[in-house]
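Student: This is the structure I want to talk about, given as structure tokens.
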Amino acid sequence: MEIAGSKGIFVGGASGMCRATATQFAEKGGQLAILDLERSDGASVAEALGAKFYPCNVMDFDGMVDVIGQAVEDLGGLHFLVNTAGGAVAQRTLKKGGERHSLDDFRRIVDLNLIASFNINTVAAEHMAKNEPNADGERGVMINTASIAAFEGQIGQVAYTAAKAGIAGMTLTMARDLGTLGIRCMTIAPSLFDTGLTAGIPDEGALQLTKDAAFPRRMGQPHEYATMAIAIFECPMMNGSTLRVDGGQRFAPR
């Protein structure tokens, strides 16, 4: 699809990988909306990109229907959705003292990562389905964000691993569900990236966590996620897959 003139919604767009993708999308002539938590830097980021900010909480499932609907109405359509919203909790299945993993925490992480992503996708797809198809029959592209933890989660990541594996697992099925409508669905699974979520990791810790990568042995940069996301939007054959963006990294147990 052509970016110039296309409309995009970026959930989690106030920072990190989603902000970098929104920036590249705007630089190529796309029109966009930034969706993020009210307390985020979304307003200033949107202003810098000539866009509008829509405060939201992805775990307010009904509220997201309204927020996305308003953004689509203001934009005049929707062709591109990127969602990076998510989070984790560190707990073993059985803790050292013998306590079980909190079921409430497990459910919260699944809701935040997997259920929220599915909800956002269904809302976005509903709007994309109303588009006139382009010459190739395309109406829109949706990109979700998993993690390489979906495939080799570390100790204490059982909830996060389950949620991100769910995102990867639904990608092909969703692409098949939406294929007759000309809507593509892809997932990016990054390794450790230099974003707000990793800001507290000291340099020595980051080196330890990335030492097993093939190359480069460092944290990924947000613009590297963005480069992949933009390539997905522009290439019609990229559909139904989860792409690792990880420098050949395979997480060790800890």
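Student: Would you point out which residue out of 162, 150 is outside any strand (DSSP E or B), at pLDDT 95 or above and over 15 Å from the mean Cα position of the chain (by Cα)? Full working, then the answer.
Tutor: Details: 150 fails: over 15 Å from the mean Cα position of the chain (by Cα).
Answer to the selection: 162.
Student: Of the residues 89, 123, only one is touching a helix residue (DSSP H, G or I) at 6+ places or on another chain (Cβ under 8 Å), among the β-branched types (Val, Ile, Thr) and outside any helix (DSSP H, G or I); which? Give the steps one after another, and end with the answer.
Tutor: Numbers: 123 fails: outside any helix (DSSP H, G or I).
So the residue among 89, 123 that is touching a helix residue (DSSP H, G or I) at 6+ places or on another chain (Cβ under 8 Å), among the β-branched types (Val, Ile, Thr) and outside any helix (DSSP H, G or I) is 89.
For every residue, the table says whether it meets (1) among the hydroxyl-bearing types (Ser, Thr, Tyr); (2) out of contact with any Lys or Arg (no Cβ under 8 Å at 6 or more places or on another chain).
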| residue | (1), (2) |
| --- | --- |
| 175 | no, no |
| 178 | no, no |
| 195 | yes, yes |
| 210 | yes, no |
| 226 | no, yes |
| 235 | no, yes |
| 240 | no, no |
| 247 | no, no |
| 254 | no, yes |
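Student: Within the set of pairs 6 or more residues apart or between chains, which connect a residue that is over 22 Å from residue 148 (Cα atoms) and in contact (Cβ under 8 Å) with a residue 12 or more places away in the chain inside the stretch 178-197 to a residue that is among the aliphatic types (A, V, I, L, M) and in a helix (DSSP H, G or I) with Cβ atoms less than 6 Å apart?
Tutor: 178/125; 183/125; 183/128
Student: Check residue 167 against each of (1) among the aliphatic types (A, V, I, L, M); (2) touching a residue at least 24 places away in the same chain (Cβ under 8 Å); (3) assigned to a loop (DSSP other than H, G, I, E, B) and name the one condition it does not meet.
Tutor: Condition (3) is where residue 167 drops out.
Student: Shifting gears a bit: Within the stretch 209-238, count every residue that is of a type in the set (A, V, I, L, M), outside any helix (DSSP H, G or I) and under 20 Å from residue 15 (Cα atoms). Walk me through how you get there before you give the answer.
Tutor: Our first condition is that a residue be of a type in the set (A, V, I, L, M); within the stretch 209-238, this holds for 209, 213-214, 219, 226, 228-232, 237-238.
Cutting the leftovers down to outside any helix (DSSP H, G or I) gives us 213-214, 219, 237-238.
Right, trim to under 20 Å from residue 15 (Cα atoms) and you get 219.
Residues meeting the conditions: 1.
Student: Something else now. Could you count how many residues in the stretch 1-55 are assigned to a strand (DSSP E or B) and surrounded by fewer than 24 Cβ atoms within 10 Å (Cβ to Cβ)?
Tutor: Of the stretch 1-55, the ones assigned to a strand (DSSP E or B) are 7-11, 31-36, 52-55.
Among the residues that remain, those that are also surrounded by fewer than 24 Cβ atoms within 10 Å (Cβ to Cβ) are: 7, 31, 52-55.
Number satisfying all stated conditions: 6.
Student: Moving on. For the stretch 213-237, give me each residue that is within 20 Å of residue 201 (Cα to Cα), buried (at least 21 other Cβ atoms within 10 Å of the Cβ) and aliphatic (A, V, I, L, M).
Tutor: Hit for the stretch 213-237 is 219, nothing else.
Student: Is it the case, given these coordinates, that residue 145 is within 15 Å of residue 243 (Cβ to Cβ) and at pLDDT 95 or above?
Tutor: Answer is yes for this residue.
Student: From the list 202, 190, pick out the single residue that is at negative phi, surrounded by 13 or more Cβ atoms within 10 Å (Cβ to Cβ) and of a type outside the set (A, V, I, L, M, F, W, C). Can you show your working first?
Tutor: Numbers: 202 fails: surrounded by 13 or more Cβ atoms within 10 Å (Cβ to Cβ).
Just one listed residue meets the conditions, 190.
Student: Can you tell me how many residues within the stretch 56-85 are of a type outside the set (A, V, I, L, M, F, W, C), touching a strand residue (DSSP E or B) at 6+ places or on another chain (Cβ under 9 Å), closer than 25 Å to residue 110 by Cα and surrounded by fewer than 23 Cβ atoms within 10 Å (Cβ to Cβ)?
Tutor: Of the residues in the stretch 56-85, 0 are of a type outside the set (A, V, I, L, M, F, W, C), touching a strand residue (DSSP E or B) at 6+ places or on another chain (Cβ under 9 Å), closer than 25 Å to residue 110 by Cα and surrounded by fewer than 23 Cβ atoms within 10 Å (Cβ to Cβ).
Student: Just a yes or no: is a residue in the stretch 56-64 of a type in the set (Val, Ile, Thr), closer than 26 Å to residue 183 by Cα and modelled with pLDDT of 95 or more? Let's see the steps before the verdict.
Tutor: Of the residues in the stretch 56-64, the ones of a type in the set (Val, Ile, Thr) are 58.
From what is left, the residues that are closer than 26 Å to residue 183 by Cα are 58.
Checking which are modelled with pLDDT of 95 or more leaves us with 58.
Yes: the stretch 56-64 contains one or more residues that are of a type in the set (Val, Ile, Thr), closer than 26 Å to residue 183 by Cα and modelled with pLDDT of 95 or more.
Student: A further question on this structure: Among the listed residues 180, 145, 93, identify the single one that is at negative phi and crowded, with 18+ Cβ neighbours inside 10 Å.
Tutor: Just a single option satisfies the conditions, and that option is 145.
The values are calculated or read from the model by the stated rules, or taken from the named source; none is laboratory data. Nothing here was measured: the structure is a model prediction, and the numbers come from that model. In this analysis, Cβ positions are derived from the backbone assuming ideal geometry, glycine residues included, and neighbour counts consider all displayed protein chains.
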